[in-house]
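Below is one structure, written out as structure tokens; the observations come after it.
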Amino acid sequence: MLFQIRRLRLAYLKEFWNILDLIVIAISICCIGFNIYRTVVVNKLLNKLLTSGETYCDFDSISYWQIVFNSALAIMVFFAWIKVRWGSIYRQV
């Protein structure tokens, strides 16, 4: 795909399916970033909680990022489903 983008430049973006590919890839990269961020923050908070049992750990920020991650993942799966379902029908015609 990168070779096609480099060769065709903006002409690559004339087809809807190519744009959809780029959207799915961009959202996937965002989901990977969310997952790494969430894992690091959860580990820090749990280590803090385990070292001192008397302190209160606030998990509100983690729950917010989990909701954002779930929403981004749902959008990515929806676009990927469109690409797989309707892209195969479009190519047969």
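Would you check which residues across the stretch 12-25 are in a helix (DSSP H, G or I) and either in contact (Cβ under 8 Å) with a residue 60 or more places away in the chain or surrounded by 11 or more Cβ atoms within 10 Å (Cβ to Cβ) (or both) and list them?
Those that are in a helix (DSSP H, G or I) and either in contact (Cβ under 8 Å) with a residue 60 or more places away in the chain or surrounded by 11 or more Cβ atoms within 10 Å (Cβ to Cβ) (or both): Tyr12, Leu13, Phe16, Trp17, Asn18, Ile19, Leu20, Asp21, Leu22, Ile23, Val24, Ile25.
Return yes when Arg9 is free of Cβ contacts under 8 Å to residues at least 60 places away in the same chain, on the phi > 0 side of the Ramachandran plot and either assigned to a helix (DSSP H, G or I) or touching a Phe, Trp or Tyr at 6+ places or on another chain (Cβ under 8 Å) (or both) and no when it is not.
yes
I'd like to know if the stretch 37-54 contains one or more residues that are surrounded by 11 or more Cβ atoms within 10 Å (Cβ to Cβ), touching a residue at least 40 places away in the same chain (Cβ under 8 Å) and β-branched (Val, Ile, Thr).
no
What number goes with the only condition from (1) assigned to a helix (DSSP H, G or I); (2) modelled with pLDDT under 85; (3) of a type in the set (Ser, Thr, Tyr) that Tyr56 does not pass?
All conditions are met except number (1).
Working carefully through the options Lys14, Lys48, find the one that is closer than 30 Å to Phe3 by Cβ and more than 23 Å from the chain's Cα centre (by Cα).
The unique qualifying residue is Lys14.
The values are calculated or read from the model by the stated rules, or taken from the named source; none is laboratory data. The shown structure was predicted, so the numbers you read here are calculated from the model rather than taken from an experiment. Glycine also receives a Cβ, built like all others from the backbone with ideal geometry; neighbour counts cover every protein chain displayed.
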